[in-house]
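To start, the structure itself, in structure tokens.
The values are calculated or read from the model by the stated rules, or taken from the named source; none is laboratory data. Since the model is a prediction, treat every value here as computed from it, not as a measurement. A quick note on method: Cβ atoms are made from the backbone with ideal geometry, for glycine too, and the neighbour counts reach across all protein chains shown. Quick note on the areas: whole protein, heavy atoms, side chains included, nothing else; ligands and nucleic acids left out. Shrake-Rupley method; radii C 1.70, N 1.55, O 1.52, S 1.80 Å.
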Protein chains: 2
Amino acid sequence: MKHGDAFDPNCPTRLVLDRIGDKWTVLVVLTLSDGNPRRFTELRKMINGVTPKVLTQTLRAMARDGLLTRQVFAEVPPRVEYRLTPLGLTLQTPIKAITDWAEANVDEVMAARAAAL
Amino acid sequence: MKHGDAFDPNCPTRLVLDRIGDKWTVLVVLTLSDGNPRRFTELRKMINGVTPKVLTQTLRAMARDGLLTRQVFAEVPPRVEYRLTPLGLTLQTPIKAITDWAEANVDEVMAARAAAL
DNA sequence: CTTCATGGTTTCCAAAGGGTACCAATAGCA
DNA sequence: TGCTATTGGTACCCTTTGGAAACCATGAAG
């Protein structure tokens with residue numbers, strides 16, 4: 001249905017778009033893209049600027065959508081490991097396309113933005 | 001990047017990411033990706049669910065970043081045509097990667113989401 | 001019995017998103 | 001002379017989301 005593509009608010013494609021279009025989701029995928037598990041605090045440190053509340057929301061939403069797993073260890077202090085699922089790992093492809101574009105064109109965009117003042 | 005990639009909030013790449021990660025920006029690009037100009041009302045109708053305020057914000061921001069042009073005709077009733085710049089057209093590549101992923105994996109995501117209830 | 005680390009939660013506030021109403025300008029009509 | 005219709009937005013208001021800061025439960029270690 002290339003028609004309307006994602007133009008219908010209820011189109012499932014658009015629902016998916018909303019999730020992977022999220023800034024923090026992209027950064028979480030980048031952080032976990034080597035396939036290794038990371039703990040909550042690790043993620044928080046690596047993704048500079050994210051607050052714990054928003055990180056929790058993002059991780060829970062991604063887990064709900066099958067993009068990552070959340071493994072809780074019954075230890076003290078608590079240990080929780082997040083890792084991408086095979087599905088989550090496939091997100092690397094489109095995300096790389098985005099970051100490649102951003103890196104290639106950031107100068108032009110910033111120049112346009114500066115000129116618009 | 002590879003280090004830091006977009007992990008620094010002030011990293012220009014992340015600024016660009018914020019813009020093209022926006023839901024409405026993606027839909028505007030899809031709407032204009034055939035290279036033809038569209039009027040404000042046309043865009044509003046094609047992108048189901050967007051309010052005029054948000055559409056205006058999106059279009060102005062994209063124009064500021066050099067992704068599209070806004071051509072005003074001195075007519076009554078007013079006519080304003082939006083069209084992608086060459087830079088804006090190059091956005092099709094990463095966006096297609098995203099929509100392809102979404103279409104390919106929407107079933108799996110929705111299944112995971114349903115199972116999580 | 002105090003301290004420390006972890007993985008959050010709670011509270012509060014500001015910013016963004018979104019719905020609805022409205023407007024300016026003029027051509028065409030009556 | 002009104003009256004209407006069209007277009008591309010604004011203005012206003014309310015709800016939702018994002019974010020900063022503080023707090024919390026647990027139990028092992030000191």
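If you go through the stretch A:21-37 one residue at a time, how many are in contact (Cβ under 8 Å) with a residue 40 or more places away in the chain, within 13 Å of DNA strand C (Cβ to nearest atom) and within 13 Å of chain B (Cβ to nearest Cβ)? Within the stretch A:21-37, residues that are in contact (Cβ under 8 Å) with a residue 40 or more places away in the chain, within 13 Å of DNA strand C (Cβ to nearest atom) and within 13 Å of chain B (Cβ to nearest Cβ) number 1.
Evaluated against (1) out of contact with any Lys or Arg (no Cβ under 8 Å at 6 or more places or on another chain); (2) open to solvent by less than 60 Å² (accessible area, probe 1.4 Å); (3) more than 7 Å from chain B (Cβ to nearest Cβ); (4) aliphatic (A, V, I, L, M), residue A:61 falls short on exactly one condition, (1). With respect to the conditions (1) more than 8 Å from chain A (Cβ to nearest Cβ); (2) open to solvent by 50 Å² or more (accessible area, probe 1.4 Å), residue B:18 lacks only one, and its number is (1).
Looking across the stretch B:65-83, the residues that are more than 10 Å from every other protein chain (Cβ to nearest Cβ), more than 11 Å from DNA strand D (Cβ to nearest atom) and touching a residue at least 40 places away in the same chain (Cβ under 8 Å) come down to B:68, B:83. Suppose we keep only residues that are modelled with pLDDT of 95 or more and among the aliphatic types (A, V, I, L, M) within the stretch B:66-90. Which one would you say is farthest from residue A:97 (Cα to Cα)? The qualifying residue farthest from residue A:97 (Cα to Cα) is B:72.
Can you tell me how many residues in the stretch A:48-64 are touching a residue at least 24 places away in the same chain (Cβ under 8 Å) and near DNA strand D (Cβ under 6 Å from one of its atoms)? Don't jump to the end; show me each part of the working.
Step one: list which residues in the stretch A:48-64 are touching a residue at least 24 places away in the same chain (Cβ under 8 Å), which gives A:50, A:54-55, A:58-59, A:61-62.
The next check asks that each one be near DNA strand D (Cβ under 6 Å from one of its atoms); those that pass are A:54.
Number satisfying all stated conditions: 1.
Suppose the filter is closer than 27 Å to residue B:87 by Cβ and open to solvent by 70 Å² or more (accessible area, probe 1.4 Å); does residue A:45 pass it? Spelling it out, it is not the case that residue A:45 is closer than 27 Å to residue B:87 by Cβ and open to solvent by 70 Å² or more (accessible area, probe 1.4 Å).
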